[in-house]
Amino acid sequence: MPSPTPHRWLRRPGPRTPSGEQAAPGTHAPTGLSYGADYNPDQWPHEVWDEDVRLMREAGVTVVSLAIFSWARIQPSEDTWDFAWLDEVMDLLHENGITVDLATATASPPPWLTTKHPEVLPQTRTGETLWPGARQQWRPTSPVFREHALRLVERMAERYADHPALVAWHVSNELGCHNVYDYSDDAAAAFRAWLRDRYTTLDALNDAWGTAFWSQRYGAWEQVLPPRLAASHPNPTQQLDFKRFSSDALRDHLRAEAAILRRVTPDVPVTTNFMVMGETKGMDYAAWADDLDFVSNDHYVLPGPQALDELSFSANLTGGIARHRPWFLMEHSTSAVNWQPVNVAKKPGELARDSLTHVAHGADAVCFFQWRQSAAGAEKYHSGMVPHAGERSRLFRDVVALGATLRDLAPVAGSLQKPARAAIVFDWDSWWTSELDSHPTDRLRYRQEALDWYSAFLALGVRADVVPTATDLAGYDVVVAPVLHVVPAALRDRLTAFVEGGGHLVTTYFSGVVDQDDHAWLGGYPGALRDLLGIRVEEFAPLLDGESATVELAGEQLEGTLWTEPVDVVDPDVEVLGWYKTGEQAGRAAVTRRTVRAGDRTGSAAYVSTRFGRLGLVPVLARLLDDAGVRSELPAAVRGEVELAVRTDGTDDYWFLVNRTARPVEVPGVTGDVLAGRRLAAPATTGADAPGALLLDPRGVAVVRRAAEAATA
Ligand code: GAL
């Protein structure tokens, strides 16, 4: 077992949550925040390595992810192994006080393997082969690939088990980034096995898939296929189950690698880098988290009006997946990436602000892709910590400055995301199902709707957690579940109990409509949630592009797009908060809320029947939060301009105040010790104890330590 060094992600008990729950092992970096990058020394001549470690020390790097794409170098042919170079790099890093999150190196199989075994190559739904020449050219279900990959994992684990630099294992890389959906014969066989496990009998599968439709009834398991290119719309439940299966197949690969690592090195924590960002939706990470000793995520900023909101949303959801325990930001970028249509360089201040926004939502490690910008290959225009320009560059100076800031934030390490009073529920089944084909509209975007609600929270300066559906909701005052399309009976019962316990539920159009098999709940929409919401809808009325419907709510005229419905109010305890004023639904209810009294508790269930978008949702959410008594913790003057995120270790709270503008912003009235940022002197006119305002630089972040206030959720 390696000897303890600073910044080690130990398998030891983590801190207690505010409710007294013991955090899982392996989730605590006890001595500070970690800082580093993917390190690819095998792309560089040997003489560069010494300069690398010199600059890493200058930047304050404490951890690197190593050997992620090194399979062809480590195993140049089936029976030859070359670890000498990796031994040397591991030793060099250790001598310089830098720890290693060592990859299992299985992400990209070498040419000798794919030449000898072309049957490991994935196939698309149209039957095309994904050939070597890029990366991740492997079928998640290929037994041949699995055998070769696990052989490599075992060799890596045995070789480096006792190396003092080793602090964590990094399984593969971004599992499913390019190969989540494979339609090959291997996938077909594994899909059938998965279906047998789920349904036991063919009759049960036929029922779940509704195969009475279009003569699809299966008479033998061998007849069942992945949803390959078909003459018309493939069976929706077949598509949904294939998504569930594909996520599980990758998870199975993760578990297979992790099992070897845990057998050979039981004291070294295991992680893999998730991609909680944008429209990356193939992997149900909420389900995968339990297979890891700590959660890691990769995030890249997506340009556009919600770039910063999306970053915060993703970081927040990663924390939710990690059950509010610290997690590891495995990759983000110092500046431009290489894979967008136009790759924009980060503006001054953005490098640090983006990193610290992740820390604000629970990251205990800040790492980049990659250490040194490549000179060759498809990623040579992707930024790194050391750019093509070298150390004499603004970018490297920013990298060094961020290292110093992270050292100042050492007390934050190990603290938990402090629960907010409101939460947004994020549901993979609903994401997958609501966007299937042959629906009332193909314009609906599940994650965009959730992000728009989050943007409205940010605009109002109200903290909201983003949590997977399985999260215990009992402590929240307000829960927003946008487009919660798939509602099995058990989820309906949980939401009903939440409301009867005094909680305030908000949901939207196309929610509650189907069960876990994507079968419509009958009797009127919103199906499973009809009684709870106290309304009934007989028919959807989606809008064409360019169409909208005006809704009057709280004295404002709002424009609904995408979707409307003829909502009938059927329960006497339903109040209409917003009315359609134009279009086919004019005069009908657009936004409703049912008050639910149970014992001495009063909860509510609100319904929003159209899409208001990120700006239109602000007054809608303001009304709902106001009535629920949930308010911003920020001074009124800075709401919307500053994001507040809070971590806590039970003794102290850490307030992260993120300037979302390109101007300096003063935040008055926040007490506490400033760990990052600046405080102005209090004006002479204020009382002796009044704190001076915090001065946030353009795109700047202040972090303040304050005595912990009781958790609210
Ligand atoms: C990630 C990947 C890295 C690198 C990076 C570029 O998807 O894990 O290896 O390719 O993107 O942004």
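Annotations for the structure displayed:
- For segment 636-707, the solvent-accessible area with a 1.4 angstrom probe is 44 square angstrom per residue.
- Segment 339-391 versus segment 200-269: alpha-carbon centroid distance in Å: 36 Å
- Segment 422-628 shape via C-alpha gyration tensor axes, a/c threshold 1.5: rounded
- The chain: C-alpha gyration tensor shape, a/c 1.5 cut-off, then a/b vs b/c: oblate
- Calculated FRET efficiency for the pair ASP185/GLU154, C-beta based, R₀ 22 Å, to 0.05: 0.20
- Ordering TRP221, HIS233, THR201 by the projection of their Cα atoms onto the charge dipole of segment 190-256, which places +1 on the Cβ of Lys and Arg and -1 on the Cβ of Asp and Glu, puts HIS233 at the extreme positive end.
- Cα shape, segment 636-707, gyration tensor, a/c 1.5 rule: oblate
- Annotation for segment 25-92 versus segment 287-304: alpha-carbon center distance of 21 Å.
- Low-density loop positions, GluC sites (Glu not before Pro), segment 583-660 - DSSP coil, at most 14 other Cβ in 10 Å: GLU584
- The residues CYS367, CYS177, sorted by heavy-atom accessible surface at 1.4 Å with ligands and nucleic acids left out, run CYS177, CYS367 from largest to smallest.
- Amide H to amide H, with H built 1.01 Å from N, TYR35 comes under 5 Å of THR62, VAL63, VAL366, counting only residues 5 or more places away or on other chains.
- When segment 422-628 is described by a simple charge dipole with +1 on each Lys and Arg Cβ and -1 on each Asp and Glu Cβ, the residue from GLY503, TYR446, VAL567 located farthest towards its positive end is GLY503.
- Among the protein heavy atoms, those of HIS519 account for about 60 Å² of accessible surface (1.4 Å probe, every chain in place).
- Charge dipole (the chain, unit charges on Cβ, about Cα centre) - positive-most of PHE396, THR433, ALA363: PHE396
- Portion, in percent, of the accessible area of the chain that falls on carbon or sulfur, probe 1.4 Å: 51 percent
- Student exercise, segment 422-628 dipole from Lys, Arg, Asp, Glu Cβ charges, in Debye to nearest 20: 440 debye
- Mean separation of Cα contacts under 8 Å, 6 or more apart, over the residue count of segment 41-122: relative contact order %: 38 percent
- Counting 0.36 nm for each residue step from ARG678 to LYS281 and taking away their Cα separation leaves a gain of 139.0 nm.
- Each helix, a run of at least 4 DSSP H residues, gives -39500 (n - 2.57); summed and divided by the residues of the chain, these come to -9000 deg cm²/dmol at 222 nm.
- Mean-position separation - Cα centroids, segment 539-558 and segment 657-706, in angstrom: 41 Å
- Surface calculation, 1.4 Å probe, protein heavy atoms: LYS581 sits at approximately 100 Å² accessible.
- Taking a sphere under 11 Å around the Cβ of PRO227 and counting the other residues whose Cβ falls inside, with K and R at +1 and D and E at -1, yields a net charge of +1.
- With all protein chains kept in place, the per residue accessible area of segment 422-628 amounts to 36 square angstrom at a probe of 1.4 angstrom.
- Net charge, GLU154 excluded, C-beta distance under 13 Å - Lys, Arg +1, Asp, Glu -1: +3
- Charge dipole (Cα centre; +1 on Lys/Arg Cβ, -1 on Asp/Glu Cβ; no other charges) of segment 636-707 amounts to roughly 220 debye.
- For GluC sites (Glu not before Pro), the sites in segment 59-141 that DSSP calls loop and that have at most 13 other Cβ atoms within 10 Å are GLU78, GLU128.
- Here the contact order of the chain, divided by its residue count and restricted to Cα pairs under 8 Å and six or more residues apart, works out to 11 percent.
- Modelled this way, with points 7 Å down the Cα-to-C-beta line, the labels at ALA193 and GLU556 are 5.4 nm from one another.
- Per residue accessible area in Å² of segment 123-178, where ligands, DNA and RNA are left out and the probe is 1.4 Å: 41 Å²
- Among the DSSP helices (H) of the chain, those spanning at least 30 angstrom by Cα along their long axis with an average Kyte-Doolittle hydropathy of -1.0 or more are 236-264; this is a geometric and hydropathy rule only.
- Taking trypsin sites (Lys or Arg not before Pro) across segment 623-713, the ones in a DSSP loop with at most 14 further Cβ atoms lying within 10 angstrom of their Cβ are ARG631.
- Dipole magnitude for the chain: about 1000 debye, using +1 per Lys or Arg Cβ and -1 per Asp or Glu Cβ, origin at the Cα centre.
- Taking every C-alpha pair closer than 8 Å and separated by at least 6 residues, the mean separation divided by the residue count of segment 474-613 gives a relative contact order of 25 percent.
The values are calculated or read from the model by the stated rules, or taken from the named source; none is laboratory data. What you see is a predicted model; the values in this text were computed from it and never measured. All Cβ positions, glycine included, derive from the backbone under ideal geometry; neighbour counts span all protein chains shown. For accessibility, only protein heavy atoms count, side chains too; no ligands or nucleic acids. Shrake-Rupley method; radii C 1.70, N 1.55, O 1.52, S 1.80 Å.
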